[in-house]
Amino acid sequence: MNAELEISRPQVHAEQWRDDTAPYRKTSLGHSLWQAFNTLTLLVLVWYLMYCSLSVSYWLTLALTPLAAGCHIRAFIIFHDCTHGSFFKAAWANDVMGFVCGTLCLTPYYYWRHSHALHHASSGNLERRVNGKLMPMSLKKYTDTNGNILTLTVREYRQLSAWERLVYRIYRHPGVLFVLIPTFLFLVLHRFAPSKLGKKERYSVYGTNLAILLASLLLISNIGLGPFLLVELPIVVATSTLAVWMFYLQHQFEETYWEEKPQWNFVLAAMQGSSYYKLPGILRWFTGNIGFHHIHHLSPRIPNYYLQKCHEASELFKQTRPITLVSGMKEIFSNLWDEEQRKMVRFRHVKLLPPN
């Protein structure tokens, strides 16, 4: 293992990370209220500007879409913090704000809270992998329901049939993984409640669907179906793409962490298997500092507005080598976990291996 790789795999002691995160595992009512206000106000304003721009040029409407998507990503981060109980001190306040932001982001609150908790408990665990809803039955053995992006090892991939390899390669294609699947996920899959969910999780799906329907009908009755779709659909596609891209890069990078269950370690999965995505200030604002994902996975009770401060105050967290906008683009093509080299590799790596 080279020296550069060692930098991104720091030795972590439980006492140190707990001490370093302790001052930030708290909520600030003022911070939370201000963030909710400026996020939701800007979101509504940009949506209205997009509607007004329809009378000028649809190209102007589309030009405003990235800004609207950024507002929705920021709203999703608030929703995300609410699911961890870290945005407000009171549970009921987190639930209310989470439901509101979840409706705006087409995501049922209790359902997503449940699946996201499983993600935190299983990230980097080779025996608890997920996203099997869109996989053929022959690949179901590699999947579960914990909200991760399906990743096969080199050994597993080589054992697949030609058809299964093709399906996996299509699934991991950037156009499918970052555009088609995210849009289908937020528009369609989030509208259905799996039967094995608890009553609260199922009802959150129904309640969110009803809220989305009523809000949509209210808008359509005032501006018409055509304008509503011309504004909303580009936002949904852009937001879902950006959301899944962020989620992808938080755990899918060359030097990430995967381990079998007996050796799997929560702290190492957080520090080695969750990225530090170093973004410019404006993008940190829109993404709610979620680029400090290594800290978030260690201590999800830290609200998003304290993640950067926690990172800057700790020498431990500074050991993690960051992923930048440029280097992050290269990770699109890391598709398989090589258990021998202990890193993510591209499909072409398999062609260089001797026959089974």
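The values are calculated or read from the model by the stated rules, or taken from the named source; none is laboratory data. These numbers were taken from a predicted model, which means no experiment stands behind them. Here the Cβ is made from the backbone with ideal geometry for all residues, glycine too, and neighbour counts use every protein chain on show. What goes into the accessible areas is simple: the full protein's heavy atoms, side chains included, and nothing from ligands, DNA or RNA. Shrake-Rupley method; radii C 1.70, N 1.55, O 1.52, S 1.80 Å.
The table that follows gives values for the structure above.
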{"quantity": "Area accessible to solvent at Ile282, 1.4 Å probe radius, in Å²", "calculated": "100 Å²"}
{"quantity": "Acute angle (nearest 10 degrees) that the helix 91-104 long axis makes with the longest principal axis of the chain, alpha-carbon atoms", "calculated": "80 degrees"}
{"quantity": "Packing rank of 325-333, 61-69, where each peptide gets the mean count of other beta carbons within 10 Å, highest leading", "calculated": "61-69, 325-333"}
{"quantity": "Chymotrypsin sites (Phe, Trp or Tyr not before Pro) within segment 196-256, DSSP loop, no more than 13 other Cβ atoms inside 10 Å", "calculated": "none"}
{"quantity": "Two-site FRET efficiency, Arg18 against His173, from Cβ-Cβ distance with R₀ of 45 Å, rounded to 0.05", "calculated": "0.65"}
{"quantity": "Accessible area per residue, Å², the chain with all protein chains present, probe 1.4 Å", "calculated": "47 Å²"}
{"quantity": "Separation in nanometres of the label points that stand 7 Å from Cα toward Cβ, at Tyr203 and Phe37", "calculated": "3.3 nm"}
{"quantity": "Simple label model, 7 Å out from Cα along Cβ direction - Ala215 to Phe184, nm", "calculated": "2.5 nm"}
{"quantity": "Where trypsin sites (Lys or Arg not before Pro) fall in DSSP loop in segment 57-121, at most 13 other Cβ within 10 Å", "calculated": "Lys89"}
{"quantity": "Cα long-axis angle, helix 109-122 against the chain (0 to 90 degrees, to the nearest 10)", "calculated": "10 degrees"}
{"quantity": "Point-charge dipole on Cβ atoms (K/R +1, D/E -1) for the chain, about Cα centre, debye to 20", "calculated": "580 debye"}
{"quantity": "Spin-label model distance (nm) - Ala63 vs Leu166, 7 Å beyond Cα toward Cβ", "calculated": "4.4 nm"}
{"quantity": "Members of Lys26/Lys343; Lys318/Lys343; Lys89/Lys278 lying beyond 25 Å, as alpha-carbon distances in this model show", "calculated": "Lys26/Lys343; Lys89/Lys278"}
{"quantity": "Mean ellipticity per residue at 222 nm, deg cm²/dmol - from DSSP H runs of n ≥ 4 across the chain, formula -39500 (n - 2.57)", "calculated": "-17500 deg cm²/dmol"}
{"quantity": "In degrees, nearest ten, helix 225-251 long axis to first principal axis of the chain (Cα)", "calculated": "20 degrees"}
{"quantity": "FRET efficiency, Arg301 to Asn265 (Cβ-Cβ, R0 35 Å, nearest 0.05)", "calculated": "0.95"}
